[in-house]
1. Assuming Pro97 fulfils every condition listed in (1) touching a helix residue (DSSP H, G or I) at 6+ places or on another chain (Cβ under 7 Å); (2) exposed (fewer than 15 other Cβ atoms within 10 Å of the Cβ); (3) not acidic (Asp, Glu) apart from one, which condition is it?
2. Sort out which residues of the range 23-73 are closer than 23 Å to Gly93 by Cα and of a type in the set (A, V, I, L, M), and write them in order of number.
3. I need the full set of residues from the range 107-140 which are of a type outside the set (A, V, I, L, M, F, W, C) and touching a Leu at 6+ places or on another chain (Cβ under 9 Å), in order please.
4. With the range 112-152 as the region, which helices (runs of 4 or more DSSP H) entirely inside it contain at least 2 residues that are more than 16 Å from the chain's Cα centre (by Cα)?
5. Could you check the range 86-100 and list, in sequence order, the residues that are over 19 Å from Thr48 (Cβ atoms) and out of contact with any Lys or Arg (no Cβ under 9 Å at 6 or more places or on another chain)?
6. Tell me which of these Ile66 doesn't satisfy, since it passes every other one: (1) without any contact (Cβ under 8 Å) to a residue 60 or more places away in the chain; (2) open to solvent by 10 Å² or more (accessible area, probe 1.4 Å); (3) not in a helix (DSSP H, G or I).
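The values are calculated or read from the model by the stated rules, or taken from the named source; none is laboratory data. Since this is a predicted model, take the numbers as computed values, not measurements. Neighbour counts are summed over all protein chains in view; Cβ atoms, including those assigned to glycine, are modelled from backbone coordinates with ideal geometry. Just the protein is used for accessible areas: all its heavy atoms, side chains included, with ligands, DNA and RNA removed. Shrake-Rupley method; radii C 1.70, N 1.55, O 1.52, S 1.80 Å.
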Amino acid sequence: MDELLADIRSCRTCSQQNPPGLRPVLQASSTARLLIVSQAPGRKVEQTGIPFNDVSGERLRDWLQIDRDTFYDAARVAIVPMDFCYPGKGRSGDLPPRPACAAIWHPRLFPLMPRVRLTLAIGQYAQAGLLGSARAATLTETVRDWRTHLARGVLPLPHPSPRNRPWVLHNPWFEAELLPVLRARVGTALADTD
């Protein structure tokens, strides 16, 4: 695992598409119980090198009901984006993750985390990568069908970005039905000691 993480952190596959200062960001361990698969780090996250070290991370930790120390305990929580580097700015926000990272690194990394008990697929790109043809046509439909995906060990979530607050307001079932189950399953996964 240590060798693979070093290889990922020194990856320059997308260096021609990225500005100088390319910095792959992830957190993983062979003992992790919770796997958070996200989209791509934002500018602030890439600058600090700490996954979800922003407002989205605060909101995600609130959704999960875990504190910052637990969240950043790599022995318990793995945070693996679809694209390990900041993809740059687009017209209406950050660009989508580039597919190269997931294709190159996920098949090598995921088998090294055999103790994962719950995987969170955060945002449409993570859902496309993890759920494939099992995902619905829209993020809302995919997240609404969370029970089906959870039966396979993957829980789809919207991105916790402040930009998605209107989505949460328009989908009250998310906080009423899904969040209590999410919190219970995260608690169970992190308490698991086998």
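1. Of the numbered conditions (1) touching a helix residue (DSSP H, G or I) at 6+ places or on another chain (Cβ under 7 Å); (2) exposed (fewer than 15 other Cβ atoms within 10 Å of the Cβ); (3) not acidic (Asp, Glu), the odd one out for Pro97 is (2).
2. Hits for the range 23-73 are Val25, Leu26, Ile36, Val37, Ala40, Val45, Ile50, Val55, Leu60.
3. Correct list: Arg108, Arg117, Thr119, Gly123, Gln124, Gln127.
4. On the way: elements: 124-131, 139-144, 146-150.
Helices (runs of 4 or more DSSP H) meeting the threshold: 139-144, 146-150.
5. Across the range 86-100, the qualifying residues are Gly90, Arg91, Ser92, Pro96, Arg98, Pro99, Ala100.
6. (1)
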